[in-house]
Amino acid sequence: MSTFTPLLYLTMLYYARVPVVLRLILLALSVLAYGPTKCGITYVLRNYSRQSHSWISDIWDKAKENWKQGVLFGILDFVVAGILIFNLTYEPEPSLATVVTISKYLSLLLASLYVFMRKYIYLMIVTVHLNVRSLLQNAWLLAFIGVFRNFFSGIGNLLIWIAAYLLIMAVHPFFEILFLGLLIYSFTNFISISACYPLIDKYLVVPIAQMQSEPQP
């Protein structure tokens with residue numbers, strides 16, 4: 001089995017040939033575009049999970065419609081990931097080893113909670129109109145209400161990624177670009193959305209619809 005995959009080769013080529021200034025510009029653009037794009041993809045996959053029709057062009061439409069909150073939470077995703085990577089890779093002085101070890105486990109726990117929350121955040125962005133504070137509060141509550149949904153869908157997605165990677169590398173590494181980059185990413189996100197959306201429908205969509213249908217005094 002070869003570990004020298006096309007994506008690894010492209011990454012090495014990118015860092016070897018692309019100037020640092022251009023890499024920083026591309027990184028900034030990627031950070032800004034990630035959140036809105038995630039909103040668009042979430043909208044399409046949410047519709048598919050509800051067996052509703054959706055065009056691929058809806059990705060662009062929903063990205064434009066929700067770009068403000070998408071950019072905000074996209075940046076937050078990168079900040080959380082950066083802090084987690086720094087905490088896990090930081091090598092402290094021997095006198096601070098105990099404190100830093102506790103900090104690493106704490107940051108891993110908080111990052112895991114945020115991973116559960118963000119599944120609901122992007123779904124709520126494209127489903128209901130809420131401000132940022134309400135999105136975070138509801139995501140916090142739904143992450144605990146749906147803890148078993150989150151856990152088992154996460155374990156299932158992890159197993160799918162591992163199995164797909166091993167299978168693709170055993171056949172030919174070139175298929176990594178197509179299957180891991182496109183099909184498996186979409187499929188695992190579809191599983192997560194299918195597991196999380198029923199809670200949003202139960203605790204947000206249905207109550208809001210009932211409130212709007214009630215006659216005003």
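The values are calculated or read from the model by the stated rules, or taken from the named source; none is laboratory data. Not measured: the values here are computed from a predicted model. Cβ: placed from backbone, ideal geometry, glycine included. Neighbour counts: every protein chain shown. SASA here: full protein model, heavy atoms, side chains in, ligands and nucleic acids out. Shrake-Rupley method; radii C 1.70, N 1.55, O 1.52, S 1.80 Å.
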Extending each Cα 7 Å along its Cβ direction at Leu27 and Ile145, get the distance between those two points in nm, one decimal. 3.9
Which residue, Leu130, Leu24, Leu72, tops the fluctuation ranking in a GNM of the chain built on C-alpha contacts under 10 Å? Leu24
Ranked by how many other beta carbons lie within 10 Å on average, peptides 100-106, 88-94 from highest: 100-106, 88-94
The size of the Cβ-based charge dipole (Lys, Arg +1; Asp, Glu -1) of the chain about the Cα centre, to the nearest 20 debye, is 160
For the range 1-156, please report how many Lys pairs fall under 16 Å Cα to Cα, leaving out neighbours fewer than 8 apart on the same chain. 4
Heavy-atom accessible area per residue - the chain, 1.4 Å, Å²: 65
Reachable aspartates and glutamates from Lys202, criterion Cα separation under 18 angstrom, eight or more residues apart if same chain: Glu214
If one puts a single equal scatterer on every Cα of the chain and applies the Debye formula without solvent, what log₁₀ I(q)/I(0) results at q = 0.13, 0.14 Å⁻¹? -0.94, -1.07
Let's see if you can work this out: charge +1 on each Lys and Arg Cβ, -1 on each Asp and Glu Cβ, no other charges. What is the dipole magnitude of the range 33-72 about its Cα centre, in debye to the nearest 20? 120
